[in-house]
Amino acid sequence: MNTEFEVTPKFVAKIVGGFIAGILALTIFFGSFYTVDQGEMAVITRFGAIIDVTGPGLHGKLPWVTSVVPVSTRTWVTTWEKSVVDGKPYSNELASYSHDQQSANISAKITYRVKSDPESIKKLYTVYRNTESIVERVVIPRTMQAIKTTFGQYTAAGVIQNRAKFNIDVDTAVRSAIDNGLEGTVGLIAVEAVTVQNIDFSDIYEHAVEQRMQAEVEVAKVAQNLERERKTAEIVVVQAKAQADSQLALAKAQAEATRIKGDAEASAIRARAAALQSNPYLVQLTIAEKWNGILPTTMIPGGSVPFLGVK
């Protein structure tokens with residue numbers, strides 16, 4: 001039996017039509033769904049108009065007429081610092097000037113994210129289309145300007161001595177500049193942290209600061225020596241005064257003792273005088289009491305024995 005398969009234009013048309021129908025069915029099927037990753041929101045538009053904002057997960061949509069634009073809500077970090085790129089040193093530090101015209105390179109970092117509520121996402125899409133655009137047009141330039149402006153309000157010495165306050169002022173200035181910037185940016189960016197990591201002054205200024213610090217150390221050392229000498233002199237004065245007071249007290253005590261002794265002796269003499277006056281024989285009694293009973297070995301001719309009177 002001889003059977004021949006004849007390819008006719010009608011058959012070809014059916015094959016092509018079936019293939020197109022299959023492609024169309026697959027397109028409709030897969031075009032009816034979309035997914036949103038974690039850390040993203042999706043702006044849903046129909047013929048260019050926003051109709052919805054959806055969060056992470058699987059969602060359905062009308063194919064062809066509905067578009068899905070992802071918007072990142074992840075945390076972003078932008079830094080200005082020294083680094084190495086392709087083996088070569090690279091720096092995008094912020095070149096700034098202090099209030100007293102001292103140049104410095106500032107290393108800083110800002111951490112931020114797009115607010116994830118639907119209204120903020122709609123506003124962001126309407127004005128900036130995506131997160132990258134608002135970062136490039138608002139966050140980066142306004143952060144740089146805020147840091148430089150704040151640094152310009154401090155003298156070089158002041159920013160070194162008040163580093164904590166400077167960091168607080170920078171944080172406040174950056175948040176204000178981003179949140180209250182151009183119309184359309186208010187409330188879209190949530191600033192999580194602003195950090196000034198380093199302030200690198202010019203070598204000339206740092207050398208001058210080093211010399212000034214050395215001079216201050218020398219002045220402090222001299223002042224310390226003078227204070228020590230003053231304290232030593234005060235101690236010597238106190239010791240001398242204490243010694244003088246001690247000697248004075250001793251002299252007064254001795255004088256008082258002499259006075260008391262003299263008063264006692266005078267009183268005894270007065271008492272004896274009064275006794276002699278009232279008893280004339282008291283003198284002879286006193287002499288007799290003190291005599292040891294031995295007669296003198298020599299006597300004056302015609303003299304009498306001492307202490308013995310004959311009546």
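Looking at the range 75-116 only, could you name the residues that are exposed (fewer than 13 other Cβ atoms within 10 Å of the Cβ) and within 30 Å of ARG46 (Cβ to Cβ)?
Answer for the range 75-116, where residues must be exposed (fewer than 13 other Cβ atoms within 10 Å of the Cβ) and within 30 Å of ARG46 (Cβ to Cβ): there is none.
Show the residue pairs meeting these rules: Cβ distance below 8 Å; 6+ apart or different chains; first residue within the range 103-129 and more than 16 Å from THR75 (Cα to Cα) and polar (S, T, N, Q); second residue outside any strand (DSSP E or B) and at pLDDT 90 or above.
Sorted first by the residue in the range 103-129, then by its partner, the pairs are ASN105/GLU93; SER107/GLU81; SER107/GLU93.
Within the range 124-135, is even one residue small (Gly, Ala, Ser) and over 25 Å from ASP179 (Cβ atoms)?
No: the range 124-135 contains no residue that is small (Gly, Ala, Ser) and over 25 Å from ASP179 (Cβ atoms).
State yes or no: is VAL139 in contact with a Phe, Trp or Tyr (Cβ under 7 Å, 6 or more places away or on another chain), surrounded by fewer than 20 Cβ atoms within 10 Å (Cβ to Cβ), within 30 Å of ILE50 (Cβ to Cβ) and not basic (Lys, Arg)?
no
The values are calculated or read from the model by the stated rules, or taken from the named source; none is laboratory data. Keep in mind that this is a model prediction, so the values were computed, not measured. Here Cβ is always computed from backbone atoms with ideal geometry, including for glycine, and neighbour counts include all displayed protein chains.
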